[in-house]
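Novice: One structure coming up, written as structure tokens, with questions to follow.
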Amino acid sequence: MPGRSPSLAERLEKTLRRRIRRGEYPPGSRLPSESELAESFGVSRATVRTALAKLAAQGVVMRRQGDGTYVNAHIHRVNAHMGSVWDFTRLIESNGRVPSIQVVAREERPATEQEALALDIAPGEGLLSIYRLFLADEQPVILACNLFPVALFGDAVQALDGSLPIREMLRFYARREIAFTITTVHAIALPEEAAEHLNRPAGEPLLALDVTFYGRDDVPLTIGHSFFDDHALRLSLVQGWS
């Protein structure tokens, strides 16, 4: 059954993000006005406004009331310094603890419409789902689910070692490098199935991390959803201002 095609706003968001990544709109530069973008891409100003709002929510652009929309002047610096933030083994090591990974579940199945949209693949296309538990000194601290297009790994998918960090997994089995990520961090009531793995009470507020990992061609490589026990592990982000 055919899935929903990306909306005009979603396609425009992707195009603008690609142009920013390639330097066509350099860091700190002012984007064309909404009306200019609408005319250039043959869409309505409402579509442009929606696409820019999504980019602003991701920190890619900064909207200044009465002055226009600017590319985040520090976007390349952020990408360079934050690229390994969600390498959970390094995060655990930075807390002075010994990391290990347990594969909880692994499944190949067809992609849903929403998953296919997030990964730029067709609905029903093969998807590899891996649930993993990250431990710090043998204490469970992160439950992570990652979804990959099966086609990304080709014949190597059966041999894929889920106990490797994401970067190494993609590098070794898919010959792909992570160029940047887009992350949403929010609080969530811990679901019962996740609570069991993390040895925490169901319904307890915990951090949830939703991450999309992109390759150098701006194509999504994997999407991840993780529950992070911030009671047991400190999550610190460092920002700099020039």
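Novice: Take the residues in the range 18-50 that are charged (D, E, K, R) and part of a loop (DSSP other than H, G, I, E, B); name whichever of them is surrounded by the fewest Cβ atoms within 10 Å (Cβ to Cβ).
Specialist: Looking at residues that are charged (D, E, K, R) and part of a loop (DSSP other than H, G, I, E, B), I get Arg22.
Novice: Among the residues of the range 51-67, which ones are at pLDDT 85 or above, surrounded by 15 or more Cβ atoms within 10 Å (Cβ to Cβ) and not in a helix (DSSP H, G or I)?
Specialist: Val61, Met62
Novice: Hey, among Arg97, Arg77, which residue is modelled with pLDDT under 90 and in contact with an Asp or Glu (Cβ under 7 Å, 6 or more places away or on another chain)?
Specialist: Of Arg97, Arg77, the one residue that is modelled with pLDDT under 90 and in contact with an Asp or Glu (Cβ under 7 Å, 6 or more places away or on another chain) is Arg97.
Novice: Sticking with this one: Can you name the residue in the range 169-189 that is free of Cβ contacts under 8 Å to residues at least 60 places away in the same chain and assigned to a strand (DSSP E or B) and is also farthest from the chain's Cα centre (by Cα) among such residues?
Specialist: Checking each candidate, the answer is Ala189.
Novice: While we're on this one: Can you tell me which residues in the range 188-199 are under 29 Å from Ala151 (Cβ atoms) and surrounded by 18 or more Cβ atoms within 10 Å (Cβ to Cβ)?
Specialist: Within the range 188-199, Ala194 is the sole residue that qualifies.
One line per residue, one yes/no per condition, for (1) outside the structural domain of Tyr214 (by TED's automatic domain parsing); (2) under 30 Å from His186 (Cα atoms); (3) polar (S, T, N, Q):
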residue	(1), (2), (3)
Arg17	yes, yes, no
Glu24	yes, no, no
Pro32	yes, no, no
Ser35	yes, no, yes
Ala57	yes, yes, no
Arg63	yes, yes, no
Gly66	yes, no, no
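Novice: Okay, moving on. Looking at Ala156, Ala202, which is the one that is in a loop (DSSP other than H, G, I, E, B) and surrounded by fewer than 16 Cβ atoms within 10 Å (Cβ to Cβ)?
Specialist: Every option except Ala202 fails the conditions.
Novice: Could you please let me know if Thr183 is surrounded by fewer than 19 Cβ atoms within 10 Å (Cβ to Cβ), under 18 Å from Arg90 (Cα atoms) and at pLDDT below 95?
Specialist: Answer is yes for this residue.
The values are calculated or read from the model by the stated rules, or taken from the named source; none is laboratory data. Nothing here was measured: the structure is a model prediction, and the numbers come from that model. Don't worry about glycine lacking a Cβ; one is built from the backbone with ideal geometry, like all the others, and counts go over all protein chains shown.
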